[in-house]
């Protein structure tokens with residue numbers, strides 16, 4: 001939330017509860033991020049670094065980032081904004 005502080009404002013109290021899963025957060029974040037046009041270069045760099053790190057391990061976070069964010073990045077038209085900051089491994093999880 002430090003990178004995108006306004007994202008917390010778009011979430012309900014239930015979505016921010018201890019019972020929230022990585023998948024629910026990434027689904028909401030994909031909608032929030034959209035095209036990425038309202039993101040600064042620093043935000044895109046930090047998001048790219050987070051995504052690159054998240055896809056390194058085969059775990060729940062990797063699955064959520066891959067299936068709920070990266071697989072939809074072209075659909076939400078955010079690929080062009082974020083692609084320069086993504087590793088080849090992260091880009092491999094993006095659907096055409």
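No lab work stands behind these numbers, since they all come straight from the coordinates. All figures in this text were calculated on a predicted structure; none of them were measured in a lab.
Any chance you could run the full-extension gain for residue 7 through residue 35? It's 0.36 nm times the residue separation minus the Cα-Cα distance, nm to one decimal.
Values: separation 28, 0.36 × 28 = 10.08 nm, distance 1.44 nm.
That works out to 8.6 nm of additional length.
How much length, in nm to one decimal, is gained on full extension between residue 20 and residue 91, taken as 0.36 nm per residue of separation minus their Cα-Cα distance?
Values: separation 71, 0.36 × 71 = 25.56 nm, distance 2.61 nm.
Extra length from residue 20 to residue 91 when fully extended: 22.9 nm.
Match the structure shown to one of the listed values (i) 5.7; (ii) 8.7; (iii) 12.6 of mean projected area of the Cα convex hull in nm², computed from it, and give that label.
Comparing each candidate, only (i) matches the computed number.
Quick check on the chain: helices-only [θ] at 222 nm, where DSSP H runs of length 4 and up contribute -39,500 (n - 2.57) each and the sum goes over total residues. Nearest 500, please.
The helix-only estimate for the chain comes to -12500 deg cm²/dmol at 222 nm.
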